[in-house]
Amino acid sequence: MQLYDTIIIGAGVVGCSVARFLSRYQAKVLVLEREEDVCAGTSKANSGIVHAGFDAVPGSVMAKMNVKGCDMMRDLSEQLDFPYLNNGSLVLCFSEDDRLELRKLYERGIANGVKRMRILSGEEVKKMEPAVSQEVVEALWAPSAGIVCPFSLTIAMAENAADNGVEFRFLSKVELIEKTRNLFHVKMESGEVLQTKTIVNAAGLYADVFHNMVSENKLEIKPRRGEYILLDKTSGGLVTSTVFQIPTVYGKGVLVTPTIHGNILVGPNAFDLTDKEDTETTRDGQKEVRSKAALSVPSIPFDKMITSFSGLRAHEKGGDFVLGEPDDCYGFFDATGIESPGLTSAPAIGEYLSGIISSRLRLPLREDFNERRKGITVVSKLSVEERRELIARKPEYGNIICRCEEISEGEIREAIHRTLGATSMDGIKRRVRQGMGRCQASFCTPKVLAILAEELGVSTTDIRKNRHGSELLFGKL
C-alpha cells in the first residue's frame, strides 16, 4: 500500500493550484479526480474574471485570498504561459439611491487593500465605455481587475505540477475517508485503499461530503446555478472592461465582459438548487440574463449568440471560504465553499495551504523545481514567417481542422501528447478551443474523433465527449 504525504481530492482550479505550489517541495503528492480530466467540474463553467477584491467582506478569508490572488495572476501567467489581460472592471450605478451602495463597495475595496480604485462620473464612464446605458450616473473603476481563460489557467497549473513530480489519477472516485491516529485511509470506488499523512479537500460541490466523513463540525454546500450566454467574436469590442451592476445577496450579478479570446460573455444569474449535477439552461433563466444584462449595455447583439451554458457554484452557508483544518481532524485541510471569486483566489489558496502543509510535514524545498511551463503552440497567433517555418518542419500545423478558431491538426496532436494530455473531445476543446467557435464543432468533430482514436490507439467508438457513457459513436453502418 502506497503512502503519500498529501492526497488532493479534486482537480479543479483550486486543487491544481495546491498541487502546483506543493510541487516546489520534496513530497509524494497525489491528485484524485472523478472525471476524465482537470477542470471538468465547477471550474469549467466560469466567467474567467480576475476580480479586484472590493466585494468581499473586509477581514474575511475570501477578501484576503481574492486580493492576493489578483496580485499574483500576472506573474503566474508569465511563468506558466497562459493568456491574461488586465482590462479593469466597472460597477455601474443607475440611480441616486444606489450611490451609497457604490461608496460602500469603494470603502470595502480600500479596507481590503485594492489599489487605484476610484469613483467615475457618468460622463467619464460613457467616454470609457460608449456602449453602456445612458442611465449610468456613476461607476466604481477597479483597474487591477482582469480576465483569463479558466481552462488555460487550470491546465497550466496541473501540467506544471505534474512536470514537477505530482501524480494525477483521473476517473478515480473517492468513496470513503477514515482517520486513524497518524494517517488517513482513502477508499476508492475501485476498492483500492490509499494511505496519506494529509488530505486537501478541494472537491467543489462535494467538499462537504468528504469534510463530514472526518469531522463533527458539519458543513453544507448548496449548489447555486448561474446561466451564461456567449456571443460570437464579431461582437468583440462592444465593451473592453468587465461591466458589473451593484451586487446582491446572490453575488455580483449579471455582468457583460470580453473574454480573453475576443468573444462577449453575458451572465450569470443565480438560482439555489438541491441537485449538485443540475447544469441545465432554461428559457426563463436565459430571459433573465438577457434582460438584466441589457440594463448595463442596451445594445448587446443577442442575435450573435453562439451558445449558452450554466455552471454551479459551491455556496457554503457561512458565506466565506473554509480554508484549513477543522478543530477535530488534524491533517485534513479544507478548501471548501470556494465560489466566486474562487478562480481569482486559487493561486493564493494554493500558496497558503501548501505553506501550511510543507511546514507541518517539514518538507524541504526541491532544488530542481521548474516554475515555468510552455503552452501549446497557437498557430493563429504566429506571424506569417513563423507559421511558414513551422509548417515546413511540421506540415500538420498547416492542416486546419477547426475553421472557426483556426485550430490545426498539429495543435490537436500536441494537446494529446502533452503532460496530462487530452483523452476526450472535451479535453481537446479545453486545451486548444477546437469547437468553441461559431459552428460549435459542427464541421470538425469527425476529424478530431479520428485523430484522437489514432493517437490513443483505440477505436472511434471508444472516444467519449468526457466521462464513461458519453461515447459519440456506437458503430458503423
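Using only DSSP helix segments of four residues or longer, with each worth -39500 (n - 2.57), what per-residue ellipticity at 222 nm results for the chain after dividing by its residue count and rounding to 500? Provide the component values of the computation, followed by the final result.
On the way: 12 runs with 146 residues, N = 477.
Here the helix-only value at 222 nm equals -9500 deg cm²/dmol.
Once you compute Rg and the Kirkwood Rh from C-alpha atoms, what is the Rg to Rh ratio for segment 318-477?
On the way: Rg = 21.1 Å, Rh = 19.2 Å.
When Rh is taken as the Kirkwood radius, the ratio is 1.10.
So for segment 326-373, what are the equivalent ellipsoid semi-axes in whole Å, largest first, each being the square root of 5 times an eigenvalue of the Cα gyration tensor? Show your work: numbers first, answer last.
Numbers: eigenvalues 99, 75, 6 Å².
For segment 326-373, the semi-axes come out at 22, 19, 6 Å.
In nm, to one decimal, how far is the LEU382 label point from the GLU123 one, both placed 7 Å along Cα→Cβ?
5.1
Treating each Cα of segment 358-402 as an identical point scatterer and ignoring solvent, apply the Debye formula and state log10 I(q)/I(0) at q = 0.34 Å⁻¹.
After summing over all Cα pairs, the log10 values are -1.24.
Counting pairwise Cα distances across segment 379-462, what percent come out greater than 21 angstrom? Walk me through the intermediate numbers first.
Values: 915 of 3486 pairs.
Roughly 26 percent, rounded to a whole number.
What translational diffusion coefficient, in µm²/s and rounded to a whole number, does the Stokes-Einstein relation yield for segment 15-76 at 4 °C and a viscosity of 1.567 mPa s, taking the hydrodynamic radius as the Kirkwood radius over Cα pairs? All intermediate terms of the calculation are to be shown ahead of the outcome.
Working: Rh = 14.0 Å.
D = 92 µm²/s.
Per residue, what volume in Å³ does the Cα convex hull of segment 272-353 take up? Intermediate values should be presented prior to the final figure.
Numbers: hull volume 12.7 nm³, N = 82.
For segment 272-353, the hull spanned by Cα atoms encloses 155 Å³ per residue.
Can you tell which of MET425, THR42, PRO83 lies farthest toward the positive end of the dipole of the chain, using +1 and -1 charges on the Cβ of basic and acidic side chains (Lys, Arg; Asp, Glu)?
PRO83
If we restrict to alpha carbons, what Rg and Dmax does segment 203-283 come to, in Å?
For segment 203-283, the Cα-based Rg and Dmax read 16.7, 53 Å.
Given Cα positions, please report Rg to Rh for segment 199-338, the hydrodynamic radius being the Kirkwood one. Don't skip to the answer; put the middle values down first.
Numbers: Rg = 17.8 Å, Rh = 16.6 Å.
Here Rg/Rh amounts to 1.08.
For the chain, just give the cysteines left without a disulfide-compatible partner, judged by no other Cys Cβ under 4.7 Å.
CYS16, CYS39, CYS70, CYS93, CYS149, CYS329, CYS404, CYS439
Could you give me the ³J(HN,Hα) list for segment 462-477, computed from phi with Karplus coefficients 6.51, -1.76, 1.60 and θ = phi - 60°, whole Hz, x at Gly and Pro?
So the Karplus estimates, Gly and Pro as x, are 8, 7, 10, 5, 7, 6, 4, x, 10, 4, 8, 10, 10, x, 10, 9 Hz.
Per residue, what volume in Å³ does the convex hull of the Cα atoms of segment 302-407 enclose?
Working: hull volume 22.0 nm³, N = 106.
Considering the Cα atoms of segment 302-407, their hull volume per residue is 207 Å³.
How are the alpha carbon pair distances in the chain distributed across 10 Å bins from zero to the largest one, expressed in percent?
Going out from 0 Å in 10 Å bins, the chain shows 4, 20, 30, 27, 15, 4, 0 percent.
Divide, for segment 105-174, the radius of gyration over alpha carbons by 2.2 N^0.38 Å, where N is the residue count. Mind showing how you got there, number by number?
Numbers: Rg = 20.3 Å, N = 70, 2.2 N^0.38 = 11.1 Å.
Its radius of gyration relative to the 2.2 N^0.38 Å reference: 1.84.
Counting every Cα pair in segment 1-157, what percent are over 21 Å apart? Each step should come with its number before you reach the end.
On the way: 6865 of 12246 pairs.
Distances greater than 21 Å cover 56 percent of the Cα pairs.
Only the coordinates and a few stated rules stand behind these numbers; no lab work does. What you see is a predicted model, and the numbers here were worked out from it, not measured in a lab. Every residue, glycine as well, gets a Cβ built from its backbone with ideal geometry; the counts of neighbours run over all protein chains shown.
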